[in-house]
Amino acid sequence: QVQLVESGGGLVQAGGSLRLSCAASGNIFSINAMGWYRQAPGKQRELVAAITSGGSTNYADSVKGRFTISRDNAKNTVYLQMNSLKPEDTAVYYCNADVISGYGGFLDAWGQGTQVTVSS
């Protein structure tokens, strides 16, 4: 089993900042890409940011210049620094990891989600 445990969500005023963390644990051989998705009520889940094991990043246009994704490979942890938050950033944020298990199988692992609410 692979588990992703998230932390750092909460309520913040527009223009404020939050830092999300997600630590992966379990039967992990390696982790390729990691990323953050978000889903607002009644809307599709969308990719916010992703990062490869080598550090290459990809961001949704709506968050470029405001959010920064990073990872600590030694800790199997990915972070999302969110600055200049807007009310439209309000959503449940989910951590994702593309995992190769210790048995050699591929696993698309997801965290439990953490609520981010940005007030105006």
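The values are calculated or read from the model by the stated rules, or taken from the named source; none is laboratory data. For clarity, every value in this text was computed on a predicted model and none was experimentally measured. Please note: Cβ atoms are built from the backbone with ideal geometry, for glycine as well, and neighbour counts cover all protein chains shown.
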Failed condition for residue 117, given (1) surrounded by fewer than 17 Cβ atoms within 10 Å (Cβ to Cβ); (2) within 14 Å of the chain's Cα centre (by Cα); (3) within 18 Å of residue 7 (Cβ to Cβ): (2)
For residue 62, the lone unmet condition from (1) in a loop (DSSP other than H, G, I, E, B); (2) at pLDDT 95 or above; (3) surrounded by fewer than 15 Cβ atoms within 10 Å (Cβ to Cβ) is (1)
Would you say residue 14 is more than 15 Å from the chain's Cα centre (by Cα), surrounded by 13 or more Cβ atoms within 10 Å (Cβ to Cβ) and modelled with pLDDT of 95 or more? yes
For segment 87-114, how many residues meet the condition of being of a type outside the set (A, V, I, L, M, F, W, C), surrounded by 15 or more Cβ atoms within 10 Å (Cβ to Cβ) and over 13 Å from the mean Cα position of the chain (by Cα)? 3
Taking the condition surrounded by 13 or more Cβ atoms within 10 Å (Cβ to Cβ), hydrophobic (A, V, I, L, M, F, W, C), under 18 Å from residue 99 (Cβ atoms) and in contact with a Ser or Thr (Cβ under 8 Å, 6 or more places away or on another chain), does residue 40 pass? no
